Amino acid sequence: MQMELDMTKLMILLQRKYSSIREIDRLTKELEDAFARNDDVSAAMLLEMRAEEMAKVDNCVGEIWQQGESDRRALQKLKVLMTSDPARAAGESPEEEKIYEIRRKTQTLLEKLRKADEKLNRSVTRDKSFYGPGVKARQPVSL
């Protein structure tokens, strides 16, 4: 029995992932403010809230890839939709176009968030930064 890839569910999951990343971005801004005020209690709470949102993103990514477990064709379609460069990809249907649009918005937001996170990390940890002491930042992993 062959199952088609549920494009509507895929769009919903991608949008949910994007919303969680937007929330991580908002929390990161609040975290910067908390560190600037030396408010350790708020910072700890915001870090926990960020971790919860990151777990939601991970869950969405897991659910997205589960969509391809129904059969080989669904997996191949999913791989194309999820690994093609969204800036260059052209969808074959309105649903595919929407998927690439959400992925483009997500990539833009992730790059902005990575830069904010690097800045915050460097300001808090100085030489012990995850990003290294002033070296060019590592490239983020695409989700």
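The values are calculated or read from the model by the stated rules, or taken from the named source; none is laboratory data. Quick caveat, the model's predicted, so the values are computed rather than measured. Heads up, the Cβs are rebuilt from the backbone with ideal geometry, glycines too, and the neighbour counts pull from every protein chain shown. For the accessible areas, the whole protein counts, side chains as well, though only heavy atoms, and no ligand, DNA or RNA atoms are used. Shrake-Rupley method; radii C 1.70, N 1.55, O 1.52, S 1.80 Å.
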Sticking to Cα atoms, compute the Rg of the range 34-87 to one decimal and its Dmax as the biggest Cα-Cα distance, whole number, in Å.
-> 18.0, 53
For the chain the mean separation of alpha carbon contacts under 8 Å (6+ apart) over residue count, i.e. relative contact order in percent, is 28 percent
Read phi for every residue in the range 108-114 and hand back ³J(HN,Hα) as whole Hz from Karplus 6.51 cos²θ - 1.76 cosθ + 1.60, θ = phi - 60°, with x for Gly and Pro.
-> 4, 5, 4, 5, 4, 5, 4
So which GluC sites (Glu not before Pro) in the range 83-128 end up in coil per DSSP with only 11 or fewer other C-beta atoms within 10 Å?
-> Glu92
Hey, any idea what % of the chain's accessible area is carbon plus sulfur with a 1.4 Å probe?
-> 53 percent
Along the chain, longest interval not containing exposed trypsin sites (Lys or Arg not before Pro), exposed being DSSP loop plus at most 12 other Cβ atoms within 10 Å = 38-87
Residues of the chain: accessible area per residue with a 1.4 Å probe, Å² = 65 Å²
Per-bin percent of Cα-Cα distances, the chain [10 Å] | 11, 35, 29, 17, 7, 1
What list of ³J(HN,Hα) couplings, whole Hz, do you get for the range 14-20 from phi and the Karplus terms 6.51, -1.76, 1.60, once you set θ to phi - 60° and write x for glycine and proline?
-> 5, 5, 4, 4, 4, 4, 5
